[in-house]
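What follows is a set of notes on a single structure, which appears directly below.
Each reported figure results from applying straightforward, stated rules to the coordinates on display, with no laboratory input. What you are looking at is a predicted structure, and each value in this text was computed from that prediction instead of being measured. With ideal geometry, Cβ positions are generated from the backbone for all residues, glycine too; neighbour counts draw on all protein chains shown.
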Amino acid sequence: MFSKKQTIILIVLILILIGGIFLYWQKYDKWPWQKEVSVASPTATASPEGSETPLPPTLRSKIMKDLAAKIRQLSPVEPVLGGQWFVDRFWYVSGSDEYVYAEYEDGHILRMILIKATEQGSNFDYKIEAYFEPGESDWLLKSGQDSQGIKDLDLYELNQNTGEWEKRN
């Protein structure tokens, strides 16, 4: 029916097609026919007129805003090449407003600290319980004790459009 040459060409074309589909899926993590689903922001509620009214800040959001501003003073190590630290993510221990992992970088290196936050009136007191550096497949504890290591975590990332820390999981 098919010659040997035609069969080989057909197999090569099928492999190229499969490879293209796989690469597209890897790059975009969705198919062209899948629509983006917008999820209502947990920091805003709709008013009857249709405008959004922000909810009052939670204890977590206050701590994250304060920690992001103070990460330079809290980090046990200095940034490299004259850089400055900035927070990428917060990982709160589920069910706790007290324990949070702050993942931060300076554009060159990535670090993480476990912090115990205590509210002191309108301010916060921070105790660094553990300091981590990236390992091959996970974080390596460099100092302190990781007392919250086996607990579930809630991920928060900064929404660049609103400037608010939003829960991602």
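Charges only on Cβ, +1 for Lys and Arg, -1 for Asp and Glu: so what's the dipole of region 121-165 about the Cα centre, in debye to the nearest 20?
Using only the charged Cβ atoms, the result is roughly 180 debye.
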Original post:
Taking the Cα centre of region 58-167 as the origin, how large is its charge dipole in debye, to the nearest 20, when only Lys and Arg (+1) and Asp and Glu (-1) carry charge on their Cβ atoms?
Top reply: 300 debye
**OP:** Once you have a ≥ b ≥ c as the square roots of the Cα gyration tensor eigenvalues for region 58-167, tell me rounded if a/c is under 1.5, and otherwise prolate or oblate according to whether a/b is larger than b/c.
**Re:** rounded
Subject >> Cα lying deepest toward the dipole's positive end in region 74-169, options W91, Y131, P79, charges on Cβ >> reply: Y131
Subject >> Ordering of 142-151, 12-21 by burial proxy (mean other Cβ atoms within 10 Å per residue, highest first) >> reply: 142-151, 12-21
